[in-house]
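> To start, I am sharing the structure in question, which I have written as structure tokens.
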């Protein structure tokens, strides 16, 4: 996994609540058996005026001029500013794959859906929860100034504005450690093989039908 | 010892290791595998030379992509076909039990797990699908995971988890005639919102829940994720134990009795404390219909489309306006005046035998009056949740009732719940659907979804618009 340490990035605002993972990456793209290449189809139904199908060359598709991420000033954004309950619905990890492939490495919102939040950490994407008032302020500042950037420092657990104002955020120590170092979960877990086997042996005694 | 919730008991029984920050390594008893969220997980295993930790913990079936008609001709869409063939190949390579597309036991993962007795009380069960919460109906800790975690469970039989908070959703009293588990689920979501359960494990309790069949409890737990909760659950009772008896993967003989004794302990202690409690009066719940693009945008069938001018705040106001524009609806329209183009009875929420029986009663009512699916309804389809549900329904003659009333009778799969196969809405089409999500584009780009119970969907098919099944209930639901 790609580590996440510090990011100074252009901010794009997506001003709607309850953005679901069906919207982030529509179902037809879930037919892929690969992990990569979802970026061009991120927010497909909002982003393009035609109907997208897997394998289409997106460079020639008609863009929806009303979709905020299509505005010139947000091209190259790596910080996504969002509203409540971002990433709700389907557990599809294709959603963080698509956002990461699009170029987003950090997402700031007042709240996230649980499964999406968890999936982000597995893919080098940092979901940051800030109070609704702080997010409101950042929306205002982003809209007010083209080229608005934020600096996200995972080690310090802060988001800093160009004016030098900082917002602190919380993150589980274990998740932070793994993301900072880009650690592979499975390798870490396999270090507990003895404990897992001991659990199985004990459980087999208590509840043998579970292992029948 | 302190009093425990059901969730505490399930959690405690599966802790392998705890990190200083409270992150726990949790043992996973079962994983269901389907074609959409597994290919990258198997690829990861292969790249690292790893193998599944415990093959007996796994059961696979294709469900999302497969056709519900002319299955003998295979899958026409080459991309869908490749995904299903990839599941077949991965299961063959690793030795995983798979009910393939033409196996009579094939079906939606969340239907076949319980049906086979593969899902059992007291287990932890995961699947790369958010509706895994369904299995909580058995007093099981069950939740959806992403593909990285699918791979993690395959390789280690464990997951890293932080313990959630516990919420009790208590529904006391008797549900009125014509009001089902689906209506309870939608009423709960209407009450607490789609993020109301975020960070919680829900336990559904109260006399109305105890009165529900196992099928009804599955419908309810299925929708826990639509309230934001990864897991929903119901305590074990004798209905649970009886359901488990004699299923292919259930324990047998003496071991069944040993298991059943343990299962009966899977209830919240009387004085257990919950972090939150939500109470609903069963008698006050009416048949529900969603009007917008989130499951929390729901009203009773005898109500009207809400007016954004009445929204509680500006964020909701703009959400409602956007939803009305997408749905092609005007504020204050009576729900019963809304006409539908298509009807879908199916999905992991409502495709079990009891659901089909409910819908068939309405179809039977129509047939007895020489009525059929209304002329303005282009398609009314019934998609059973599994091959075994289909066979059971046919043994009861339900297929004949449906087809006589003008419904299409299909083969099992996820179908038009998410439209990964050929079953979908065209732009602008409006659907009465027994599925779980009314998100924009969920049933097809530009499609408009209204979530309802099976009887409500069938009634909408017959009348061509939403009707209150309670008005038919005395005649129909007997």
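Each reported figure results from applying straightforward, stated rules to the coordinates on display, with no laboratory input. As the structure is a computational prediction, the values presented were derived from the model and not from experiment. Because the Cβ atoms are built from the backbone with ideal geometry, glycine has one as well, and the counts that use them run over all protein chains shown.
> How do B:362, A:171 rank when sorted from fewest to most other Cβ atoms within 10 Å of their own Cβ? Kindly include the intermediate steps, with their values, before the conclusion.
Values: B:362 29, A:171 17.
Exposure proxy ranking, most exposed first: A:171, B:362.
> Moving on. Output the Kirkwood hydrodynamic radius of the stretch B:75-152, Cα pairs only, in Å rounded to one decimal.
Radius from the Kirkwood sum: 13.8 Å.
> Which log10 I(q)/I(0) values, to two decimals, does the stretch A:28-148 give at q = 0.18 Å⁻¹ under the Debye formula with one point per Cα?
-1.04
> Moving to a separate point now. Just to be sure I follow: if Rg is taken over the C-alpha atoms of chain A and Rh is the Kirkwood radius over the same atoms, what is Rg/Rh?
Ratio value, two decimals: 1.05.
> Can you work out the FRET efficiency for the pair residue A:184 and residue A:204, with r the C-beta to C-beta distance and R0 = 22 Å, to the nearest 0.05?
According to the calculation, E is roughly 0.15.
> Per 10 Å bin, what percent of the C-alpha pairs of the stretch A:1-71 does each bin hold, from zero upward?
Histogramming the stretch A:1-71 at 10 Å steps yields 16, 44, 34, 7 percent.
> Follow-up question, since we're still on this one. Under 11 Å from a label point 7 Å along Cα→Cβ of residue A:71: give me every residue in the stretch A:1-18 with its amide N that close.
A:12-15
> If you restrict to DSSP beta bridges whose two residues both lie in the stretch B:264-422, what percentage is antiparallel, to the nearest 5?
Among the beta bridges of the stretch B:264-422, antiparallel pairing accounts for roughly 40 percent.
> Based only on Cα atoms, what mean projected area does the convex hull of the stretch A:138-205 have, in nm²?
So the Cα hull casts an average projection of 7.2 nm².
> Eigenvalues of the Cα gyration tensor times 5, then square-rooted: what semi-axes does that give for the stretch B:1-114, in whole angstrom, largest first?
34, 18, 12
> Bins of 5 Å, beginning at zero and ending with the bin holding the largest distance: percent of Cα pairs per bin for the stretch A:101-158, please.
Once binned at 5 Å, the Cα pair distances of the stretch A:101-158 give 4, 16, 24, 27, 20, 8, 1.
> OK, next. Restricting to bridges with both residues inside the protein assembly as shown, how much of the DSSP beta-bridge set is antiparallel, in percent to the nearest 5? Provide the component values of the computation, followed by the final result.
Numbers: 25 of 77 bridges.
Antiparallel bridges: around 30 percent, rounded to the nearest 5.
> Grab the Cα-Cα distance for residue B:85 and residue B:273, subtract it from 0.36 nm times how many residues apart they are, and report the gain in nm with one decimal. Kindly include the intermediate steps, with their values, before the conclusion.
Details: separation 188, 0.36 × 188 = 67.68 nm, distance 4.80 nm.
Gain on extension, residue B:85 to residue B:273, equals 62.9 nm.
> Provide Rg over Rh for the protein assembly as shown; use the alpha carbon set for both Rg and the Kirkwood Rh (inverse mean inverse pair distance).
Result for the protein assembly as shown is an Rg/Rh of 0.95.
> Based on the Cα coordinates of the stretch B:247-347, what is the per residue volume of their convex hull in Å³?
Normalising the Cα hull of the stretch B:247-347 by residue number yields 213 Å³.
> Under 20 °C and 1.002 mPa s, how fast does the stretch B:145-302 diffuse according to Stokes-Einstein, given a Kirkwood radius computed over C-alpha pairs? Answer in µm²/s, whole number. Spell out each step's value before the answer.
Numbers: Rh = 17.2 Å.
Stokes-Einstein gives a translational diffusion coefficient of 125 µm²/s.
> Then there is this: Want the number for residue B:46 to residue B:94: 0.36 nm per residue separation, take away the alpha-carbon distance, what's left? Don't jump to the answer; show the numbers that get you there.
Working: separation 48, 0.36 × 48 = 17.28 nm, distance 1.00 nm.
Difference between extended and current length: 16.3 nm.
> How large is Rg/Rh for the stretch B:106-145, to two decimals, with Cα atoms and a Kirkwood Rh?
0.91
> Cα convex hull of the stretch B:356-478: how many Å³ per residue?
Values: hull volume 11.6 nm³, N = 123.
In the stretch B:356-478, the Cα hull volume divided by residue count equals 94 Å³.
> Starting from the exponent 0.38 and prefactor 2.2 Å, build the expected Rg for chain B from its residue count and divide its actual Cα Rg by it.
This ratio for chain B stands at 0.94.
> Grab the beta carbon distance between residue A:168 and residue B:72, set R0 = 41 Å, and tell me the FRET efficiency rounded to 0.05.
That pair, residue A:168 with residue B:72, gives E of 0.10.
> Now for a different question. If you take the alpha carbon radius of gyration of the stretch B:294-397 and divide it by 2.2 N^0.38 Å, what ratio comes out, to two decimals?
Numbers: Rg = 17.7 Å, N = 104, 2.2 N^0.38 = 12.8 Å.
In units of the globular-protein estimate, the stretch B:294-397 measures up at 1.38.
> What share of the DSSP beta bridges in chain A is antiparallel, in percent to the nearest 5?
Beta bridges within chain A, antiparallel portion: roughly 50 percent.
> To continue, here is another question. What number, rounded to the nearest 500 deg cm²/dmol, is the helix-based mean residue ellipticity at 222 nm of chain A, given -39500 (n - 2.57) per DSSP H run of at least four residues and division by all its residues?
-8500 deg cm²/dmol, from helical runs alone.
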